[in-house]
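Please read the structure below before turning to the comments.
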Amino acid sequence: MHILLDLFLTFAKIGLFTFGGGYAMIAMIENHCVERKGWISHDDMMNVTVIAESTPGPIAINCATFTGYKKAGILGAVTATLGIVLPSFLIIYLISMFLDNFLELTLIANAFKGIKIAVGILILDAAVTMIKKMHKKKLPRAIMLCSAAVMLCINLFAWNFSSISLMLLAAAVSLCIFLLQGSAAKKGGAKQ
């Protein structure tokens with residue numbers, strides 16, 4: 001029972017104090033679940049981030065569900081998911097009840113300008129952390145650099161290209177290289 005309460009409170013804190021959606025939450029999830037509590041490993045965090053990005057639903061909810069399941073099964077998954085969703089739901093519900101023109105308030109609008117900058121920094125921090133922990137192999141780094149260059153060009157030149165298409169392309173390239181390396185290794189083994 002203690003682990004369920006810990007899962008709920010940890011993810012409620014992440015959900016309550018993180019603005020900017022799932023990508024901004026990745027750094028906090030990594031900090032709490034990997035570094036502080038040791039619930040999942042760095043490799044698990046990298047894998048769940050990739051899987052959560054490619055499955056339906058918000059990335060932070062998918063990460064919370066995975067971590068909760070890993071720690072306490074189905075009940076842990078439900079508890080962690082409720083923990084990360086409930087604070088945001090309650091805040092939005094209260095805002096919608098009491099403030100019709102919430103973002104038109106000058107004070108709130110200015111606060112959100114600052115929050116946008118902080119969200120960008122949190123997303124950058126999550127990306128740098130994941131890059132540092134990526135396996136030191138040439139292929140993953142090459143795919144990452146090529147993907148980053150393509151995304152930069154897409155943004156700079158306002159090309160209409162889906163990030164999902166980019167992920168599928170990177171997966172196809174990686175799979176082709178894997179298959180080519182496997183067949184080359186089999187041919188090399190057959191010659192000996």
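Data table
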{"quantity": "Relative contact order (percent, whole number), the chain, Cα cutoff 8 Å, 6+ residue spacing", "calculated": "23 percent"}
{"quantity": "Most mobile of Met97, Met46, Met130 in a GNM of the chain (Cα contacts under 10 Å)", "calculated": "Met97"}
{"quantity": "Whole-angstrom Cα spans of the range 136-192 along principal axes, big to small", "calculated": "52, 21, 13"}
{"quantity": "Span-like helix ranges in the chain, DSSP H, alpha carbon extent 24 angstrom or more, Kyte mean at least 0.5", "calculated": "59-98, 106-133, 138-156, 163-191"}
{"quantity": "Highest to lowest packing among 178-185, 140-147, scored as the average C-beta count within 10 Å", "calculated": "140-147, 178-185"}
{"quantity": "Helix-derived mean residue ellipticity, 222 nm - over the chain, DSSP H n ≥ 4, -39500 (n - 2.57), to 500", "calculated": "-28000 deg cm²/dmol"}
{"quantity": "Value of D in µm² per second that Stokes-Einstein yields for the chain, Kirkwood Rh from Cα pairs, at 4 °C (1.567 mPa s)", "calculated": "68 µm²/s"}
{"quantity": "Alpha-carbon radius of gyration plus Dmax, which is the widest Cα pair, for the range 73-133 in Å", "calculated": "16.5, 45"}
{"quantity": "Candidates Ala170, Ala149, Ala127: whichever shows maximal mean-square fluctuation once the chain is modelled as a Gaussian network with Cα springs under 10 Å", "calculated": "Ala149"}
{"quantity": "Choice from Ser162, Ser88, Ser54 with maximal GNM fluctuation in the chain (Cα, 10 Å cutoff)", "calculated": "Ser162"}
{"quantity": "Cα centre as origin, Lys/Arg/Asp/Glu Cβ charges: the range 1-68 dipole, Debye", "calculated": "220 debye"}
{"quantity": "The range 86-166: Cα Rg divided by the 2.2 N^0.38 Å rule of thumb", "calculated": "1.60"}
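Throughout, read-outs are computed from the coordinates displayed, never taken from laboratory work. Model, not experiment: these values are computed from the prediction. Positions of Cβ are generated from backbone atoms using ideal geometry, with glycine treated the same way; all protein chains shown enter the neighbour counts.
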